[in-house]
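Structure first, then comments.
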Amino acid sequence: MKKKDWLRLLVALIPVLVLVALLAVDIHIFGSNSILGASQVALLVSAGVCVWLAMWLFKVPWGEFERAIKSNVGDVTTAIVILFLIGAISGTWTMSGVVPAFIYYGVQVISPKVFLLTACVLSALVSVMTGSSWTTIATIGVALLGIGRAEGFGDGLIAGAIISGAYFGDKISPLSDTTVMSSSLNRVPLFEHIKYLMLTTGPAMIITLVIFTVIGIFHKGIEAGAMEAYTQALSGTFHITPWLFVVPLITGILIWRKMPALMVLSLSVCTAAIAALVFQPDIISGIGEGVTAGGRAKLLFTGTIETIYNSVSLETGSEAVNQLLATRGMLGMLNTVYLIICAMCFGACMRAAGMIDAISRMLNPLAHSRGALVTSTVVTGTALNGIVSDQYLSIILTSQIFRDTYHREGYEQRLLSRSVEDSSTVTSPLFPWSSCGMTQATILSVSTLTYAPYCFFNILSPLMSILTAWIGFKIVRRLPADPS
């Protein structure tokens, strides 16, 4: 690199170091609540440092930053709408009884020999349905932890099975904000991104399930009926019936027919809302009563709207079930949207200042082949989880750093989106100081270092991504882009 390039690289690292320092302070003070606003402030302050350095040292005009911010934020407008629809599904699928029905029927197969396998699969199913690993771990994960302890399993092993399943489901769910971010930031259609993900995610999960099955087979101990109170609370609150599975069935058909994600999610909200009115009218009218007074029709209408857009909770007599039923709605997605917009502003300023290019040029010598390029991407995504302590920032920054390199080398953007998801999303709970690591350790009361060695899926997923790249399976390369 030339002396001028080294100077730009050193300057480019200043906003990143400022961001890392501010995030470290935020996490130390606010913990997992830093995502509620402190992280956003850190991003904007770091963006300001970037702008000031670029305008002072490199004479970059302010108009360049404005244009970059408009472009970056514009790229995620569809993702933002999808995130709001995900919030709506969180409410309607729960209050209609769809998610409770999955859990109710699923937990009845729990037994010591298949507990770890079941815990992993059940966590994966709930996470696919909700699109949230955090929600899954905080609800069914807490219940499964109690069952596992009663059956004699170690805390680290139980937590590893729960987290592995939850992050698998989060990774492939069209309702997941990280999945939506990874696909949208890299301009890859959502369902095409998920389909391509399965080439690395599927084998990693299969190996994980085999490991948990083998461990379970050699485990001794039994605890019958430990989930009875949990299932009774669910059945006592909801009208549980197999007919509720019509909602995910319709959603699955729409996905299979490759309809646009916005249409699939919108129709899924509508069918779940109808199911809520049909199967859970008392719950919906009760939600409506908490807002307004009126006749039955008015209460049902009000309750349905509240379920879609507002945070809703129910009292069932079981704390674990209460946590499960506490939905976020569309309003619950605002902090994530807030974070995305601030992160896109930071990324836009870094790009307009030429700082992303400077960092990218530093990494380019490491990406001299297909396997090396993906390996560099995966290592960067994983490292950024440890540096910036947040999976959203890791997804955004890794995508920004490598986007031009993948285009220039002639690789599909879906390879980049998959490599980002295989690293930034799944490795986030493995760092004790990250927002995910702290949150999961707090929820499960199991330290990160205790459960991390047993998060087999989270460990295997990035390794499978690297292996697939070196083999070249299903990786297409066109002629490199014309540098002019």
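Some observations on this one:
- Contact map, the range 227-256: first residue more than 18 Å from Leu125 (Cα to Cα), second residue surrounded by fewer than 19 Cβ atoms within 10 Å (Cβ to Cβ) and among the aliphatic types (A, V, I, L, M), Cβ cut-off under 7 Å, separation 6 or more or different chains; pairs are Thr237/Leu314; Leu254/Leu267.
- Flag for Leu209 being touching a Ser or Thr at 6+ places or on another chain (Cβ under 8 Å), surrounded by fewer than 24 Cβ atoms within 10 Å (Cβ to Cβ) and modelled with pLDDT of 90 or more: no
- Here Val60, Val16, Val41, Val11 are screened, and the one residue that is of a type in the set (Val, Ile, Thr) and in contact with a Ser or Thr (Cβ under 8 Å, 6 or more places away or on another chain) is Val16.
- Flag if Ser419 is assigned by TED's automatic domain parsing to the domain that holds Asp26, at pLDDT 90 or above and surrounded by 24 or more Cβ atoms within 10 Å (Cβ to Cβ): yes
- With respect to the stated conditions, Ser461 is modelled with pLDDT of 85 or more and farther than 30 Å from Val25 by Cβ.
- Here Pro462 does not fit the description of being in the same structural domain as Gln40 (by TED's automatic domain parsing), of a type outside the set (A, V, I, L, M, F, W, C) and assigned to a loop (DSSP other than H, G, I, E, B).
- In summary, Ala233 fulfils each of the numbered conditions (1) out of contact with any Ser or Thr (no Cβ under 7 Å at 6 or more places or on another chain); (2) within 28 Å of Phe153 (Cβ to Cβ); (3) at pLDDT below 85 with the single exception of condition (1).
- Residue that is modelled with the highest pLDDT [pool: residues in the range 212-230 that are surrounded by 13 or more Cβ atoms within 10 Å (Cβ to Cβ) and hydrophobic (A, V, I, L, M, F, W, C)]: Phe212
- Residue that is nearest to Gly386 (Cα to Cα) [pool: residues in the range 418-433 that are touching a residue at least 60 places away in the same chain (Cβ under 8 Å) and in a loop (DSSP other than H, G, I, E, B)]: Trp433
- Across the range 406-416, the qualifying residues are those that are in a helix (DSSP H, G or I) and touching a Leu at 6+ places or on another chain (Cβ under 7 Å), and the one among them that is surrounded by the fewest Cβ atoms within 10 Å (Cβ to Cβ) is Glu409.
- If you go through the range 422-443 and keep only what is under 16 Å from Ile163 (Cβ atoms) and surrounded by fewer than 22 Cβ atoms within 10 Å (Cβ to Cβ), you end up with Phe431, Pro432, Met438, Thr439, Ala441, Thr442, Ile443.
- Taking each residue of the range 193-208 that is closer than 11 Å to Glu421 by Cβ and in contact (Cβ under 8 Å) with a residue 40 or more places away in the chain and looking for partners that are surrounded by 15 or more Cβ atoms within 10 Å (Cβ to Cβ) and acidic (Asp, Glu) with beta-carbon atoms closer than 7 Å, six or more apart or interchain, yields Leu197/Glu421; Thr200/Asp422.
- Helices (runs of 4 or more DSSP H) fully within the range 1-119 counting 3 or more residues that are modelled with pLDDT under 80, under 22 Å from Ala358 (Cα atoms) and over 24 Å from the mean Cα position of the chain (by Cα): 3-30
- Taking the criterion of being over 9 Å from Asp170 (Cβ atoms) and at pLDDT 80 or above, the residues of the range 125-136 that qualify are Leu125, Val126.
The values are calculated or read from the model by the stated rules, or taken from the named source; none is laboratory data. As the structure is a computational prediction, the values presented were derived from the model and not from experiment. Glycine also receives a Cβ, built like all others from the backbone with ideal geometry; neighbour counts cover every protein chain displayed.
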